[in-house]
1. Taking every alpha carbon pair in region 26-92, what does the distance histogram look like in 5 angstrom bins from 0, in percent?
2. Can you list the trypsin sites (Lys or Arg not before Pro) in region 178-211 that are in a DSSP coil and have 13 or fewer other beta carbons within 10 angstrom?
3. How far apart, in nm, are two points set 7 Å out from the Cα along the Cα-to-Cβ line at E221 and at R179?
4. Answer rounded, prolate or oblate for region 148-204, using the Cα gyration tensor with square roots of eigenvalues a ≥ b ≥ c: rounded when a/c is under 1.5, else prolate when a/b is larger than b/c, else oblate.
5. Loop only per DSSP, at most 15 neighbouring Cβ atoms within 10 Å: give me the GluC sites (Glu not before Pro) in region 59-92, ordered by residue number.
6. So what's the projected area for the chain, the Cα convex hull averaged over all directions, in nm²?
7. Each residue of region 263-274 in turn: what ³J(HN,Hα) in whole Hz from Karplus with 6.51, -1.76, 1.60 and θ = phi - 60°, glycine and Pro shown as x?
8. Between M245 and A23, what FRET efficiency comes out of the Förster formula 1/(1 + (r/R0)^6) with R0 = 45 Å and r the beta carbon distance, rounded to 0.05?
Amino acid sequence: MNKIIDGKAIAQQIKDECREKVAQLKDKGNKFTLAVVLVGSDPASTVYVKNKKKACEYIGIDSLSYELPEESSEEELLKLVEELNTNEKVTGILVQLPLPKHIDEDKIISAIDPNKDVDCFHPMNIGNLSIGRPGFLPCTPAGIIELLKRSDIEIAGKECVVIGRSNIVGKPMALLLLRENATITIAHSKTKDLANVTKRADILIVAVGRPKMITAEYVKEDAVVIDVGIHRDDNGKLCGDVDFMSVAPLCSAITPVPGGVGPMTIAMLLSNCIV
Ligand code: GUN
């Protein structure tokens, strides 16, 4: 096993598998179209959306782009979502988050047809996931499970600590790890003596949203460390929530930033788009 988990290479494998599946399904007459909705011009979101559309093109599915101005109203966005729900050509809908503050994210997510919810954000899809029903998988957490499996890291029976309890990463991550028979702890901003908790982890998944917060003191020797964060440090260089230089020497495997979890989110989105 490589100590540095190459998310870019693993994501490429998955994209190639998707491409192959699309070619086979096309022969049977199945076609897929992802509608991508961006409200405003947040620079990070603009890059993510561009990469998602490029990835659709790579695997051979269509994408439609909807770019709405920052000041668009909640009603306008709801109307667009409703149009996309009823458009038979559209098989997947993705509304890039975060949305501007005056728009209720939960309301928009809940308005997306659950059968087109390729992000797996809809309460029905998260509910299905939590009771073990088949369906869409949340992209970033599913990408992390694939990274572990394809790096031959066993999950069953392991102590897993997830730092962060967001609806996009922390909570669905815990559900997926549980499904793989891990023992799970979710730590968060109110957790007492965080290092004491994280040092129990055989697999530590970090989604705190603070640059280089997790240093060697938080990590058990030979742990596997998965870094979900992405930031720019003081020198303008990309970095994660984990202080890579401090943690890498003591763990058994670690994801870099960039090139770790990030590319996997898009790969798993594509895989949701072709079911
Ligand atoms: N914002 C940050 N991550 C994501 C994601 O996976 N999907 C969407 N739609 N928005 C995001």
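1. Values per bin, smallest distances first: 4, 15, 24, 22, 19, 10, 4, 2, 0.
2. Those satisfying the criteria are K190, K192.
3. Between E221 and R179, the simple spin-label model gives 3.6 nm.
4. oblate
5. Answer in residue order: E70, E71, E88.
6. 14.6 nm²
7. Along region 263-274, the couplings run x, 5, 4, 5, 4, 6, 4, 4, 5, 5, 6, 10 Hz.
8. 0.60
The values are calculated or read from the model by the stated rules, or taken from the named source; none is laboratory data. Computed from a predicted structure; not experimentally measured. Because the Cβ atoms are built from the backbone with ideal geometry, glycine has one as well, and the counts that use them run over all protein chains shown. Just so you know, the surface numbers come from the protein's heavy atoms only, side chains and all, with ligands and any DNA or RNA stripped out. Shrake-Rupley method; radii C 1.70, N 1.55, O 1.52, S 1.80 Å.
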